[in-house]
Each structure stands twice: as structure tokens, then as C-alpha cells.
Amino acid sequence: MYRNTFAHVPTTLFTKVSILSFIMELFPYPLRKSQKAIMQTIKNTLESGSHMVFESGTGSGKTICALTSTLEYALAHDKKIIYTTRTNAQQQQVIFELRAIRNKLSSNKEQVFGVGIQGRANMCILARKNPEFAKGTAEELSKLCSHEKKKARNTNQKNKGCQYYRTFLEQKEKVTDLVEWATKTLPTAEEFITHCEQQHICPYEMNRLLIREATVVVVPYVYVLNAMIRNMLFDWLSVPEEDMILIVDEAHNIPEFIRDLFSVQLTTYMLTNCLYEAEKFGDPALVDGTVTVSRFCNLLLEIISTLRDTYVYGILESGIRKGPIEKTDAFIPSNELETELLSRLTITSKKLHDIIGDLIAYGEKIQDYRQKEGKLPRSYLHKLGVFLDVWMSLESEQYAKLVVDASQGKNPRIEAFCLDPAVGTGILRQFHATIHMSGTLEPLEEYRDSLGLPEDIELISYPSPFPQEHRRILFVRDVTTKYAEMARDKKIIPRMKKYITDICNTFPQNTMVFFPSFDIMSNFLNDGMKQDITRCLYVEEQGMSQIDLMDIVSDFKECSSKQTNGATLFSVIGGRISEGMDFPAEELEVAVIVGIPYPKPTARQRGLQRYYDIKFRKGWEYTVEAPTARKILQSIGRLIRDEQDRGIAVILDRRASRFTRYLGNLTESKHPLRDIDCFLNQQSYFGKR
Ligand code: SF4
């Protein structure tokens, strides 16, 4: 069944064996039927040098399948694997799986080698030790690093420049020891950084060395999707794109990630900082005295304010507002900013471009000055120049230009919102093959179309390998978070609260309640719910540090019914808990979804829907229905992580019935407490635990 593709493998690495037996030799766990099918399709994709998009439920072992099959091919054909993940926890998981593969091998273990790379702010020790540097962007830290390295290399400036780079340059034995240690231990990025820090050597530079030896390189999305960072990574790898295989994990995040990456904004906060820079570093006249820096920035502040008043607040020329303020953003005509600037300054477009050029040049001087002073090379005037340059050159149909006032007048901004993720995916066609996978990717056509992947690629949805009866999803009809209905029927919110408190207080199993937003969660909590819940209650707070979040999550897990009386955790849909944390066995058994998390009907969302309507005739399905279903499924996915896991979810919204095609075994419940009790007390439920 499997073709022998080991003809190209140096015999020193592997003996020639059949692919099936080699995959079996690499695959470290008992193989499930669906995993065999996944690996076979990945193998076919790699052999045809194509793309594959697949969905397979959470906990079905996608990572290990993708790693094992691509590794087999990569080793046989001298390819590199770029494995890209959204979070550091997912990255860590890839390294753990690589270790499991390595441990399975009886010989040549070190041929299975991978490197985990994180963002520069995490990997640069100077940035880790300096809170100002830690906030630097990739560009700023790259500039800072080049400067520090240049000083360290300059033999006339002894003991100058980055000390961690100096160790790297000067202590060759330490470098060799570290390479050996990493090759042997296959560390996660965190372990590697800590070890380098203890050895007083730069992990970033060390990674540059190691990466050439690695078959698998695990990176955050930005390393593949940002052209500047990608070029640097590919330079390190020193292999052409056609010799690389790309694996995209949790691929459902990619379209939104690209939209964010390619969107640009100019905030009032940024302009205030520009004025501060002009005050501190001098306020030169731009383009031979046309306008001073501060006058230009003040003009932009006035224009943003006028755009906000006109389009968001609806204030007429007479100064009268048309009605109450009900929105936080609005479309602005594509050339309105330029037109306003030209008419207020009475200059030509050419002069405006010259002004932008001057701003960038002046900003660079400020960056250099700050750098010489040992500070982060940041200039807001530089950012302003770059923003205006991009803003004026954008293809209007792929972007929506907006004025946004999301914080009640405190920081209005203008924004060019990227509507089309395909603007950033040209690179995907250059890889030898790409594998895109997620537990929640349906409809797969939407992902393919959004990214502009070829129409004839493999799209596969694998059924869940776990017994259906282990997961139950209920919904109730007498509540909803639909704003108009809640306003009409004042009993809906008390009814919802009763459902939540009853479920949380009745069952000893660990229960998680997912709210559509932090605002809605705090409304519920402040309205007496904190006191009503009699069990131990943990709450995820907005902006909570990762350490604090992990603390409450681990306390919650420890309360599982096996050990104590169980606990409740309040969280939000689409957040760090619902999208990326595992709660196996008793750590989570009941999930309550409060309302359907439809996107807010902002101008930005309407622009997106319209764009998809025009391009694919599927605006609602692709931009509202599918992302909402994914968010619900991600939350419910926390319940089941393996064959033994069981769990029940209750959706508190009548509109859940519209998502049957995504949710599968969805049933209406007239008595949720009774139905939950029945599920949790099934003889088989306890019998198998
Ligand atoms: S050499 Fe390393 S530690 Fe030093 S500035 Fe550059 S990235 Fe940071």
C-alpha cells in the first residue's frame, strides 16, 4: 500500500524499510483507524506536492499524525518542516511529540531533531531583562539587536554591546556544548531559553546555528506570514521554499490572524506621542517649510475628530446630532483623509508624499538617537510616516477604511481593515506542500477560499474517533442573548441566571460557564450571581496575566469531583481558555454556553460580510455562521480529550438550533437539570471510569 520512498535517504541514517513499517516505527502510540487514514492522505499530499486542509476533532491526535508522516517524507527527501502554531503551549506540545517519536526509535534517535523558536521579545535576553525593550516590536528589537551586535563585534570597543552576543562570539566551547546538549535533549523553546540564560549566551543566535541541523522548526504564525520575519527565518534555514513542508496547526485562526497583521491604524494616542516627540527632539518644518511636524500632527488629530463626529456620532454641519450614539465605528470614504489634508494644507499630492518621506526620515533620526542613548529605537513619527505611506497605497477593494471610537471618545482612530486574507498567502504556493489542520475548520471550502488556495486541493473532515454517546449537547429554547428579544422580554436574563446557578450548584462535577464577552460576564456577576453560586467559583478576568490565568486554571482543575466537591470557572468564548487549554477526565465535565457568540454588527463586520458576498456569494455563511460555530465548538471541545472522556454541554440560546449542521448531536432540553443528571448518572458513565 505504501510506496517505498527511502531511495534518497542516506543509508547512514536509515535502513531501507517499507514506509508503513517506518511510519509504524516512528509512530509512538497505539494507532487508531482514523489516524492511519490521516497519515495516508498526508503522505499522498506530500508526494504530489500539493495542499491539504483537514478537520479532525480535538484530542484525535492531529499533531502526532502530521509530524510522523511529514517527518518520514522529510527525512527521505531532504526537506525541512515548518510547523507553525498560534500559542507557545501548542509549540511545546509539538516538541513533546517529537520526543515521543525519538524515544520510539531504536537507533539514530538524534536524526529526529526539531527547534522551537519564539518571538524576539521572548528569545532576546536583553529584552527579557528590560521592561522597556520587552514591549518592542519585532522591527524595533531587530534594529536594537543589530546595533548591539555591531558594538560587540567592534574590537575597538572592548566590553561594549550585547554581553550575550559576546559570549556567543568568544566562548566557542560553550557554544559547542550547548549545541550538543540541545541535540541530545530536544528542549522546548522555554527550556532552551532558560538554559541559554544560565549559560549567559544569546538563545536567538544559538537557534540560528541549531536550525540548520533541525528537520522540524516550530514557529509562531508570524514567522511565516510576515515577509520581513519570514525572510530572516528562511535565510537561517538556507534552503529554498520548495524544499520546505508547511504544517499549519489550529488553522481556523489563520484568516483572522492575517487580517490583523495586514490591517493598519492611526490612533489619537499615537499622534499625541508624535507631538511629544516633536516637543522633545525638535519641531522641524517639513518639505521646505510647508508645515511643521507639530502642525501636521495637530491637523491629523482635528481630522480624526471631525471624521468621528460626522460618521460615528452623526453630528451634522450645524452641530446637531442626528440621534443617540449607537455605534463604535463607521466607514469613511477611501480618499477622505488625503482630500482633507490637501485642502487644509493647500498642497499637491506630490508635496504630501514628500511630507511623508520627511516624517519617515526624521523618525529614523529619532530612532538612532534613542538607540545611542541605550533606549528602545522607537519613534512614533516614524510609525506615522509608515502608516500614511501604507494608507495611501492600499488597494481599496481589499480594505475597508474606517473611523473607530471603541473607548468612549478616549482614543478614536482611523483604520484600514484588511478584508481579504489572501493578500498574505501568496507564499503558501511556494512551499513543497502545505498541511492545514484544526479541530474546528468546517466549512473547509471557506478556509480554502479565504486563503486563496487552489480549488482542487484535498479537503477532508474526519469523523471523531470517540464514541458519540460520550458527548451530549443540549440547548434550551426559552432564553437568548439576542439584544432585541432581551429588551422586549425582561424575564430572559433572570431565567438565564437561574439556569446557570442551578447547574453550577446542583452537580459536583467541574463546570465551566462561557460568556460571549467580559462585559456580559461582569453584568451577570455584579447582578448577584457571585453570591448565588454556592460552590467554589473562579473567574477569568479581562487582561489577566498568563501566570495568574494559569494559577486559577490549575486551582480549578484540582477541585475536580474526584478530589473535592468540584468548582465552577467563568470564562469567555474565544478566549485563552476556550481556544487552547486541555481539561481531561474529571477536570471538566459540564460546560454552559451563555448565548450564541455572533460577531458584533460593527461597520468592520458588515464590510467583511459584504466583501465575502461579492467575492464568494457567501457573506453570512463565511463571516458570521462559520466563525460563530467554531467558537462554540472550541468551547465544547474542552470537554472531550480522549476515548475515556465524557462531558455534557448546555447552550442557553434558542438560536443554537441553527447550528445543527456544525454541532451534530444537538438536542433540545425542556429540563436541563434532569437531562444533565441523567447523562452524568448513566450506569456506563461511572462504570467505565
Ligand atoms: S544578540 Fe541576542 S540577547 Fe543580544 S540583543 Fe541580539 S537577540 Fe538580544
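Matching residues to (1) out of contact with any strand residue (DSSP E or B) (no Cβ under 7 Å at 6 or more places or on another chain); (2) charged (D, E, K, R):
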residue	(1), (2)
D548	yes, yes
N565	yes, no
T568	no, no
R576	yes, yes
E586	yes, yes
G595	no, no
T602	no, no
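From the list V218, V224, V239, which residue is under 22 Å from R128 (Cβ atoms) and either assigned to a loop (DSSP other than H, G, I, E, B) or at pLDDT 95 or above (or both)?
Result: V218 is the single residue among V218, V224, V239 that is under 22 Å from R128 (Cβ atoms) and either assigned to a loop (DSSP other than H, G, I, E, B) or at pLDDT 95 or above (or both).
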If a residue must be more than 34 Å from the chain's Cα centre (by Cα) and either in contact (Cβ under 8 Å) with a residue 12 or more places away in the chain or over 27 Å from I229 (Cβ atoms) (or both), how many such residues does segment 136-160 contain? 8
Can we say R641 is touching an Asp or Glu at 6+ places or on another chain (Cβ under 7 Å) and modelled with pLDDT under 85? yes
Name every residue in segment 182-198 that is farther than 20 Å from Q93 by Cα, touching a helix residue (DSSP H, G or I) at 6+ places or on another chain (Cβ under 8 Å) and surrounded by fewer than 18 Cβ atoms within 10 Å (Cβ to Cβ), in order of residue number. E197
I'd like to verify a number: residues in segment 471-488 that are in contact with a Lys or Arg (Cβ under 6 Å, 6 or more places away or on another chain) and either closer than 21 Å to S517 by Cβ or modelled with pLDDT under 90 (or both), how many? 2
Heads up, the helices (runs of 4 or more DSSP H) in segment 105-164 (entirely inside) with at least 1 residues that are more than 10 Å from the ligand (Cβ to nearest atom) are 120-123, 131-134, 138-153
Only one of E397, E458 is surrounded by 15 or more Cβ atoms within 10 Å (Cβ to Cβ), at pLDDT below 95, acidic (D, E) and under 28 Å from the mean Cα position of the chain (by Cα). Can you tell me which? E458
P220: passes all of (1) surrounded by 21 or more Cβ atoms within 10 Å (Cβ to Cβ); (2) in contact with a strand residue (DSSP E or B) (Cβ under 6 Å, 6 or more places away or on another chain); (3) under 29 Å from K43 (Cα atoms) but (2)
Selection count, segment 173-215, where residues are more than 16 Å from the ligand (Cβ to nearest atom) and either under 18 Å from K149 (Cα atoms) or not in a helix (DSSP H, G or I) (or both): 7
Only one of (1) touching a helix residue (DSSP H, G or I) at 6+ places or on another chain (Cβ under 9 Å); (2) in contact (Cβ under 8 Å) with a residue 24 or more places away in the chain; (3) closer than 30 Å to V53 by Cα does not apply to F234, and that is (2)
Scan segment 363-380 and give yes if some residue there is assigned by TED's automatic domain parsing to the domain that holds A278, part of a helix (DSSP H, G or I) and within 21 Å of S305 (Cβ to Cβ), otherwise no. yes
Look at N523 and say whether it is surrounded by fewer than 18 Cβ atoms within 10 Å (Cβ to Cβ) and within 24 Å of I632 (Cβ to Cβ). yes
Quick test for you: out of F570, F556, F583, pick the one residue that is of a type outside the set (S, T, N, Q), assigned by TED's automatic domain parsing to the domain that holds P516 and assigned to a loop (DSSP other than H, G, I, E, B). F583
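The values are calculated or read from the model by the stated rules, or taken from the named source; none is laboratory data. Note that the coordinates shown come from a computational prediction; the quantities given were computed from them, not determined experimentally. Cβ sites come from the backbone with ideal geometry, for glycine too, and all protein chains shown count toward neighbours.
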